[in-house]
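Data first, discussion second: the structure below is written as structure tokens.
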Amino acid sequence: MKLFGIFALIGSAFGQEDAQQAPVEARLLISKKTDTKILAENVDMTFTYKIYNIGQSAALDVEFTEENFANDWSIVSGDAKTSWKSIEPDSSVTHEIVVKPSKAGAQNITSAVLNYRPSSDSEETVRSFSSDYGVANIIPENEFLRNHASHGIDWLIFLVLTIPSILFPYMLYNKSVARFTKAKKN
Amino acid sequence: MKLLRRMLPIAILGLALVAKAEEFDEEIGDDTVQVNEVLDEDEGEDMGIVDEEESEVQINTYWPEATITAGKVSEVLVSVKVASSAMNRYQFGIIEGGFHFPQDQSYKVQNFSSIKYNRDLGSGQEATFLYPFVAAELAGGRSYGLQINLAYEADSSPPRQLFASVVNQTVEVNENLDNAAAEQFFIFMTFAAFAAIGFFFFASKFSSKKPKAAPVEVGTGGAADASWIPEIHMKKSDTPKTSPQSRRRKVD
């Protein structure tokens with residue numbers, strides 16, 4: 001009944017719902033996404049993993065392994081290997097990893113792997129692959145800095161260079177005005 | 001007698017039709033028997049293969065967001081599981097989809113980009129595919145039939161190309177309300193401008209028609225007030241009023 005209710009909620013935006021049987025055992029779906037817009041060398045990238053259980057039983061002994069960031073990447077925060085004791089049916093878990101690419105160019109980022117037991121009476125673990133990210137085009141650091149750095153020193157030098165163009169006409173103006181003000185005083 | 005005469009051709013036609021129908025029925029009757037037999041022969045094999053395919057790969061979908069908004073990226077998560085009893089390996093290839101009219105499957109309204117996943121799964125393994133798509137901005141505000149298909153391949157001795165319809169349902173696409181406030185403001189301003197123009201137009205039409213009395217120009221009478229000019233400029237000039245040329249002529 002509860003499952004029906006949840007499906008009805010999810011299906012509220014949809015018309016006729018396809019009769020898709022929810023698996024009796026636990027079934028985990030993992031999506032791997034990043035919201036980082038700019039992929040550049042030595043710039044932090046956050047990957048978010050969302051794990052949903054669409055089955056009717058809890059998934060037990062869930063182990064998450066991410067091996068994509070072992071070479072040419074450094075992990076800033078988050079764990080590449082983590083585990084959960086159980087994930088309840090119709091619930092979801094989120095995991096985040098912040099990584100930093102140390103090499104520029106096109107890099108292929110594939111899936112993370114989950115191993116879990118689909119029900120309490122099964123001893124075998126199921127191996128599940130997350131959605132893969134695809135090819136990430138990491139732009140080199142100098143190009144990134146050229147576009148996105150604050151360029152503070154450049155602005156300072158620019159302001160210093162504008163000073164003569166402003167100061168010189170002002171001094172000339174002052175000289176002319178001084179003549180008339182002196183006449184008034186007289 | 002007259003009646004009979006009139007009815008005769010119709011009666012003959014009717015009889016002929018009935019006879020033909022009976023013939024037809026008999027033929028069909030025979031055919032159906034034959035067709036049934038043919039089906040029965042193959043039924044075991046066909047159904048067997050279909051059963052095997054269907055039970056070896058189980059496909060489920062999950063929508064992280066319950067609504068589809070036009071102009072924004074919507075995602076569907078497709079989970080495929082290869083049964084532990086499966087004999088073959090499966091390569092999961094392309095997911096593609098589109099919108100079609102709710103009543104008419106063949107009339108495509110929008111095609112989504114197909115995405116190629118190269119995922120090879122053996123028995124007992126599962127994978128999740130993330131399929132993002134964008135409903136066009138103009139699709140907002142009505143419902144369409146959403147169809148998403150997955151094409152994959154079985155690694156059997158002749159490799160089998162398989163095709164599964166992952167999503168096949170009517171969905172409501174919501175309008176993109178990001179700019180709704182700005183659009184409403186500009187519509188209001190347009191109406192206000194038209195109202196103002198109309199108001200001033202009719203106001204001038206129905207206002208008093210008496211023309212304003214034109215002020216009569218008199219012109220400057222008397223000499224101008226020269227008191228503001230400093231004295232230094234008011235010296236009378238000693239120069240003669242005639243030109244040197246004319247003065248020279250007079251002398252000559």
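Points to keep in mind about this one:
- Overall dimensions of region B:107-202 as given by Cα atoms, namely Rg and Dmax in Å: 24.2, 86
- Evaluated over the Cα positions of region B:147-241, the convex hull gives a direction-averaged projected area, one quarter of its surface, of 26.1 nm².
- Cα-based helix-to-principal-axis angle, A:152-185 vs chain A, degrees rounded to 10: 30 degrees
- Exposure rank, largest accessible area first [B:178, A:90; 1.4 Å]: B:178, A:90
- Extent along the principal axes, Cα only, for chain A: 107, 43, 27 Å, with the longest axis given first.
- Centre separation in Å (Cα based) which lies between region A:37-70 and region B:62-106: 21 Å
- Euclidean distance of C-alpha centroids, region B:193-208 and region B:111-174, integer Å: 60 Å
- Think of each Lys and Arg Cβ as +1 and each Asp and Glu Cβ as -1; about the Cα centre, that makes the dipole of region B:196-247 roughly 340 debye.
- For chain A, leaving out every one of the GluC sites (Glu not before Pro) that falls in a DSSP loop and has at most 11 other Cβ atoms within 10 Å, the longest unbroken run is A:1-122.
- Relative contact order [Cα under 8 Å, 6+ residues apart], region A:65-123, whole percent: 45 percent
- Other protein chain Cβ atoms within 10 Å, averaged over every residue that makes up B:126-136: 5
- Taking all protein chains as they are arranged and a probe of 1.4 Å, the heavy atoms of residue A:79 leave approximately 80 Å² accessible to solvent.
- Measuring spread by the Cα atoms of region B:57-174 yields a radius of gyration and Dmax of 15.4, 48 Å.
- Region B:57-174, relative contact order [Cα under 8 Å, separation at least 6], %: 32 percent
- The accessible area of residue A:95, taken with all protein chains in place and a 1.4 Å probe, comes to roughly 20 Å².
- In region B:152-252, the GluC sites (Glu not before Pro) that fall in loop regions by DSSP, at most 16 other Cβ within 10 Å: B:175, B:217
- With contacts taken as Cα pairs under 8 Å at a separation of at least 6 residues, chain A carries a relative contact order of 21 percent.
- Among the listed pairs A:50/A:85; A:81/A:103; A:37/A:100; A:32/B:116; A:37/B:72; A:32/B:108, those beyond 19 Å (Cα-Cα): A:81/A:103; A:32/B:108
- Computed accessible area, residue B:205, all protein chains, 1.4 angstrom probe, square angstrom: 110 Å²
The values are calculated or read from the model by the stated rules, or taken from the named source; none is laboratory data. From a predicted model like this one, the values you see are computed outputs, not experimental measurements. Note that each Cβ is placed from the backbone with ideal geometry, even for glycine, and that neighbours are counted across all protein chains shown. Just the protein is used for accessible areas: all its heavy atoms, side chains included, with ligands, DNA and RNA removed. Shrake-Rupley method; radii C 1.70, N 1.55, O 1.52, S 1.80 Å.
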